[in-house]
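Worksheet: one structure, shown below.
Laboratory data are not the source of any read-out in this text; all were calculated from the coordinates shown. Because the structure is predicted, anything quoted here is derived from the model rather than measured. Please note: Cβ atoms are built from the backbone with ideal geometry, for glycine as well, and neighbour counts cover all protein chains shown.
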Amino acid sequence: MTLFTGPKEFRKVFDLLFATLSRDSKAGPPLRALRKPQRFLITDLGLQLDVRDADEDAARRGDHLSWTWDGKGCSWEPAATLSLESAMANRFFQGKAPLASALIRGEIVVTQGSATVPLETLPHLSGFYKVWVTRLRHEGWEHLVV
């Protein structure tokens with residue numbers, strides 16, 4: 001069962017999550033430097049989220065990531081495709097779902113590419129979790145805080 005009211009709320013929350021992550025001075029630049037695009041298939045909501053490094057112009061403006069929904073405008077192949085439910089995605093970006101454990105338990109499944117790709121992002125996300133939880137609360141999304 002999802003914590004989200006539906007796909008529209010999930011998209012709104014995750015648009016803000018990636019905008020915040022993209023502009024975070026500690027996480028955004030190193031995530032961009034990885035140059036490892038990822039696709040997230042949110043199985044319970046039927047959504048596809050494609051995330052990659054932003055172009056040079058966007059990076060100069062402080063936006064280090066680029067993303068699109070449901071394949072619109074996505075002309076590149078991901079280095080890894082992850083299949084997971086919305087509640088797991090929510091827990092993961094709050095630091096409440098250790099990736100290695102979720103992969104072993106099958107809560108996150110790498111359907112294409114290598115599991116090393118999402119694992120490479122972990123060192124850059126660890127300082128972001130608290131920032132994101134604070135932002136969720138600020139936005140009034142207390143029901144999503146794990």
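For the stretch 102-132 versus the stretch 37-78, the inter-centroid distance based on Cα atoms is 16 Å.
For the pair Leu3 and Glu142, label points projected 7 Å from Cα toward Cβ lie 1.4 nm apart.
Compared with the direct C-alpha span, the chain from Ser101 to Lys12 gains 29.3 nm at full extension, assuming 0.36 nm per residue. Once backbone amide H atoms are built at 1.01 Å from N, Ile108 has Leu103 as its partners under 5 Å, excluding neighbours fewer than 5 places away on the same chain. Within the straight-line cut-off of under 19 Å between alpha carbons, the lysines reachable from Lys26 are Lys36, Lys130, sequence neighbours fewer than 8 places apart in one chain being disregarded.
FRET efficiency for the Ala58 to Ser126 pair, using the beta carbon distance and R₀ = 30 Å, is estimated at 0.80. The HN-Hα couplings worked out from phi for the stretch 125-133 by the Karplus form 6.51 cos²θ - 1.76 cosθ + 1.60 (θ = phi - 60°) are 9, 4, x, 8, 4, 5, 4, 5, 4 Hz, whole numbers, x standing for Gly and Pro. Note on Ala19/Glu77: beta-carbon distance plugged into 1/(1 + (r/R0)^6) with R0 of 25 Å gives a FRET efficiency of 0.55. Could you compute the net charge surrounding Ala102? Neighbours are other residues with a C-beta less than 13 Å from the C-beta of Ala102; K and R count +1, D and E count -1. Value of the local net charge: +1. Couplings 3J(HN,Hα) of the stretch 89-104, computed from phi: 4, 4, 5, 4, 6, 9, x, 9, 9, x, 4, 4, 5, 5, 5, 5 Hz, in residue order, whole Hz [Karplus 6.51 cos²θ - 1.76 cosθ + 1.60, θ = phi - 60°; x for Gly and Pro].
Calculated from the structure at hand, log10 I(q)/I(0) by the Debye sum over Cα atoms at q = 0.16, 0.21 Å⁻¹ is found among [x] -0.80, -1.33; [y] -0.92, -1.60; [z] -0.84, -1.60 as [z].
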